[in-house]
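Here is the structure we will look at, set down as C-alpha cells.
Nothing in this text is a laboratory measurement; each read-out follows from the coordinates by a stated rule. Everything numeric in this text was worked out from a predicted model, so none of it was measured. So basically every Cβ, Gly included, is an ideal-geometry build from the backbone, and we count neighbours across all protein chains shown.
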Amino acid sequence: MSLSLRIEHLSIRAGLTLLVRDISLTLTAGTPLTLLGESGSGKSLVMHAIMGSLPDGLQAHGQIWLQLPGQPAQELLRLPAAQRQALWGRTLALLPQEPWLALDPTMTVRQQVQEVHQQVRGLSAAQARQQALDNLQNVALHDAVVSQPPVAERYPFQLSGGMCQRVAIAMADAAGGQVLLADEPTKGLDEALRDSVAQQLLREAAGQRLLLTITHDLQLAQQLGGVIGVMRGGELLEVTQAQQLLQQPRHDYSRRLLQADPGRWPVRQPSWTDTGGQLLEGRGLSKYMGGRCLFSGLHLRLQPGQITAITGPSGCGKTTLGNILLGLLPADQGQVIRTSGLTSLQLQKLYQDPPSAFAPHLTLAQGFNDLQRRHGFSDKELAVLLERLGLHPSLLQRLPAAISGGELQRMALARALLLKPRLLLADEATSRLDPVSQQQVMLLLGDLCAEQGLALLLVSHDQALVARMADQVVSLEAHGVTA
Amino acid sequence: MLRSSLWGTVLLGRALQAVLVSLLVGSLCFALMHSLPGDPAMRIAAGRYGPDAMSLQAAESVRQELGLEQPLLQQYGRALWQLAQFDLGHSLVTGRPILEELQVQLGHSLWLALASLLLSLLGIPLGIIAGARAGGWLDRGSQALAIGVRALPPFVLGLLLMWLFSIQLGWLPPAGFGSWQHLLLPALTLALGLAALSCRVSRDAMAEVQQSAYFTFARHKGLRGLTLIQRHGLRNAAIPVVAYLGVQAVYLIEGVVVVESIFAYPGIGHAMVHAIIARDVPMVQGTVLTLGLLFVLINLLIDAACRWIDPRQGGTR
C-alpha cells in the first residue's frame, strides 16, 4: 500500500459542545490538501487531532488511518499517547504558525536543525552537522555571497519571517516526517515571502510526502493547488479540486470566502475629492534604523476623508512612518505639521494583533466603562456605534479572548471612534483576520471616511487591498522611496 | 564593531555608577565627620596615638597635617581628591590604614558571600522541577516553603538556625571564626533567603518556557524528556534567573552586614557595624564604599553573564 492518511467521520468535542462535526478526508502523496476557513471554523483542531496534540479537555472521535508504505495501516486515535508522541518528527511533521516564535531564540538555526539528526535520529555530531547544513542548503538557506555571520550560524532574531519558515521546513526534512502538516504557514508574511514559502511547500509535497495545509490565505491555496476543503463552524462544506473550487464554488459560503479576497473586491467608488483641506503634513521626513536608511526626504500630506496607504515589503519601515506621522516616534530629519486645533487624542491607532491591544482579564464592558469615565461619551453613542459596526451589545460582557479576532478588531475600532478621531492609523489591522472579517472591517473603515471625513492611514503589505482602498499610496522599498 | 561598542556602553554605564557611588559615599562621610560634636583633630589624634598619648600638640600637628583649619569647601575638595587616589585614610580606632583593614575583612566576607551564593544555587533545580510540573504538589510545597523562609528577616533566621544546630543539636559552633564549621551557619542563613527567591523565579521561568511556542515546536519535532528540557528549557529559563541575581545582590550585601554581626564573623559588615558604633567615620566610609562598589561589580558580572546566555542581548559566544 502506498502512503496515505484517511480521516473517517472525525468529530471533536469539548464536553457536550461539538466543535468539529463528522469530517472525512483522504490525503494522498502528490496531491496537496488545503483546508480553508475563518478562525474558529475548526480547521486547526483537525490538524491537532491528526498530530495528537489537542488541548486538554477536547476529545476526538472517529478514525484516522495512517498508511505508511510497507507497513500495516494504524488507527491513530486508538494509539496510547506515548506511541502517538513517538510519531512526532519521525512521521508527523508540524510546521508551526509564526515560526519566528517557534524557533529557540538562544540557538543558531544550524544547531536547531542539527539536533534533529543528533537527538531524534541518533547520528554522530559531525554527521548531524553536515546533514543539517545540507538540509538548510535544500531550502535555499545558504550564503550566495560570504556573509558574517553565515546564515546557518545566525540566531532566529537575525532572520526574516520567511527564512524562519524555511528553517522550520528544513527541520521537518531532517526528521524525515512523511506527513507534513502546515499550520497557517504564511501568517504575517508579505507577498514575496509568501510565494517563496508556497514554492518550498510544493517542492516538499512533490516527493513521497503528504501535505496538509491550514490557511485562510486564498493566494496560498491557489498556489498549492491539489484539493481544497472549505470549513465553517466545524463542518466541512465542500472538498473539490483547487481549480474548480476557485473558479466555480458550489457552496454559498465558499463563494463569499472567495469574494472576500482583496483581489476580487468590487472597486470602491472614491468618496474623497481634493478640497485643498489639510490635516497633517510630513515635510522632508527621514528615519534611520540600525545604520540603515528607511526613508529620507519624504513629503506627505493627509486630507480629511482621504485614505492614504503606506505599503512595501516586511521590515521596510511602514509602521515606523505611520508612528512618526502620529507623533509616537520622532523623525531623524524633517517635521510633522498638524493643522491648528488637531490634538493628539484625535490621532488614534488600530493595532495588528487585536488580543494584545486589550487587557486580557477585563471584560470589554469594564474597558468601555473606564473609557467613558475618562472621556465622557454617552451610553447612546456607544450603543449606536456598536450597531453601526455590527456588534451585538451582549458581546461586551465577555473577555477579549472570548470573541473572534474580527469582532475584537471592530471593538478596537469602536474604542478609537468614541474619542472622535480625525486621523486613524490602521497598522496591518486586518492582516491576522480571515478574509471575510477583513473585508467587513475594511468596508466599515471606508464608509466611515466617507461619512465622517475621517482621514485613514492604512499600513499594509497587501498590494491588492491597497489598490482597492487607497486614494493615495506611499510605497516604501528596501532602498529609497517612490511616492 | 557593533558588539564591541555595545560592551563599551555597558562598561561605561557601570563605571559611571561606580564613580557616583564613590562620590555619594565620600560626600556623606565628609558631612558626617564634620557634624559630629567635638574637635575632629582631637578625635583623629586620639585614634592614632591612643587616648593616653594624646596631647594638644599632637592634635595641633594632626590639624596642620590634614589641613583641618582650612575652609570647609577646600577640605571637601581635598577629601574627594584623596578618595580619587584610593587614599582612604586611617582608622580612628586602631590607627591602621583603612585599606589594610579592608583587605583582610573583605576576604572573609567574600568567602561568606561565595559560600552562601553556592548553597543558594540549590533553590534553582528545585524551582526548575517545580516549574516543569507547575501546579503539582512539589510546586505548591516549595512555594509555601519559599514564602515562609523569605518572610523571615535574616536576623530571625540566623537565630533560629543557631538555636537548632548549635544549642539543640550541638553540631556547629554558634559563632566565631577559624574553620569551615564557622562559615556554615552564617552562609546557610543567607543562602536560605536567596534560594527561596531563586527557586520561585526559576519556577516561573521554567513554567513560562514550557508554555512557549518554541518549546512546543521542539516537542513536535521529536525531542522528548530530559533532552528537550536540557536543550530548550534550561538556557531559556536561565535568562530571567540570572538577571534576577542582580536584584538578589542587594539582599546578599544587606544580609552580610546583619549575619556577620549575629555570628561575630570578622567580615566587612561586622567591621562596618563596629565602626558606626565607635564613630570611626573613615572606617565607615571604607566599608560602605567597598560594599557599594561590590554591588556595582556583581551587576557588571551579571550583565556579562546575561549577554553570554542570550544572543539577543548582543553578546559573543
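Key figures for this structure:
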read-out	value
Residue order, fewest to most surrounding Cβ atoms within 10 angstrom, among A:LYS318, A:LYS420, A:LYS380, A:LYS187	A:LYS380, A:LYS420, A:LYS187, A:LYS318
Principal-axis tilt of helix A:405-417 within chain A, Cα atoms, nearest 10 degrees	10 degrees
Theoretical FRET efficiency, 1/(1+(r/R0)^6), r = Cβ-Cβ of A:ALA464 and A:ARG388, R0 30 Å, to 0.05	0.70
Taking B:PHE86, B:PHE295 and counting other C-beta atoms within 10 Å, the order from fewest to most	B:PHE86, B:PHE295
Student exercise, region A:280-482 dipole from Lys, Arg, Asp, Glu Cβ charges, in Debye to nearest 20	420 debye
Ordering of A:328-338, A:209-219 by burial proxy (mean other Cβ atoms within 10 Å per residue, highest first)	A:209-219, A:328-338
Residue mean of other protein chain beta carbons inside 10 Å, A:104-112	5
Scaled radius of gyration (Cα, divided by 2.2 N^0.38 Å) that region A:4-259 gives	1.02
For region A:250-327 versus region A:3-72, the gap between their alpha-carbon centres in whole angstrom	40 Å
Lys/Arg +1, Asp/Glu -1 at C-beta; the protein assembly as shown dipole; positive extreme among A:VAL466, A:SER437, B:HIS182	A:SER437
Label-point gap, in nm, between A:THR28 and A:SER378 - each point 7 angstrom along Cα→Cβ	6.6 nm
Tilt relative to chain A, helix A:435-452 - C-alpha long axis, 0 to 90 degrees, to 10	0 degrees
Residue (of B:LEU126, B:LEU152, B:PHE86) at the positive-pole extreme of region B:62-200, dipole from beta-carbon charges	B:LEU126
Fully extended contour minus Cα-Cα distance, from B:LEU56 to B:SER35, at 0.36 nm per residue	5.4 nm
Only Lys, Arg (+1) and Asp, Glu (-1) charged, at Cβ; the protein assembly as shown dipole about Cα centre in debye	920 debye
Stretchable slack from A:GLN59 to A:ILE337, in nm (0.36 nm times residue separation minus alpha-carbon distance)	94.3 nm
Per-pair calculated FRET efficiency, R0 = 56 Å: A:LEU328 and B:LEU114 via Cβ, rounded to 0.05	0.75
Pairwise centroid distance, computed over Cα atoms, of region B:33-83 with region A:104-119, Å	67 Å
Expected 222 nm ellipticity per residue - DSSP helices of 4 or more, -39500 (n - 2.57), all of chain A, to 500	-10000 deg cm²/dmol
Chain A: mean projected area of Cα convex hull, nm²	25.1 nm²
Lysine pairs within the protein assembly as shown, Cα separation less than 25 Å, 8 or more sequence positions apart or different chains	12
Whole-angstrom gap from region B:171-231 to region A:172-224, using each part's C-alpha centre	41 Å
Expected-Rg normalisation [2.2 N^0.38 Å, Cα atoms] applied to chain B	1.24
Beta bridges per DSSP with both ends in chain A, % antiparallel, nearest 5	55 percent
Cα lying deepest toward the dipole's positive end in chain A, options A:ALA383, A:LEU321, A:LEU280, charges on Cβ	A:ALA383
Helical segments meeting 24 Å axial Cα length and Kyte-Doolittle 0.5 threshold in chain B (DSSP H)	B:2-35, B:98-120, B:180-211, B:234-262, B:281-309
Over chain B, relative contact order from alpha-carbon pairs under 8 Å, at least 6 apart, %	24 percent
Whole-number percent relative contact order across chain A, with pairs defined as alpha carbons under 8 Å at least 6 apart	16 percent
Estimated FRET transfer efficiency when R0 is 56 angstrom, pair B:LEU293-A:GLN278 (beta carbons, to 0.05)	0.45
Point-to-point label distance, A:CYS293-B:LEU20, nm (Cα→Cβ direction, 7 Å offset)	3.7 nm
Between 0 and 90°, nearest 10: helix A:191-206 axis offset from chain A longest Cα axis	10 degrees
Label-reachable residues, region B:263-284, where backbone N falls under 13 Å from a point 7 Å from B:SER166's Cα toward its Cβ	B:263-266
Region A:57-129, dipole about Cα centre (Lys/Arg Cβ +1, Asp/Glu Cβ -1), debye to the nearest 20	200 debye
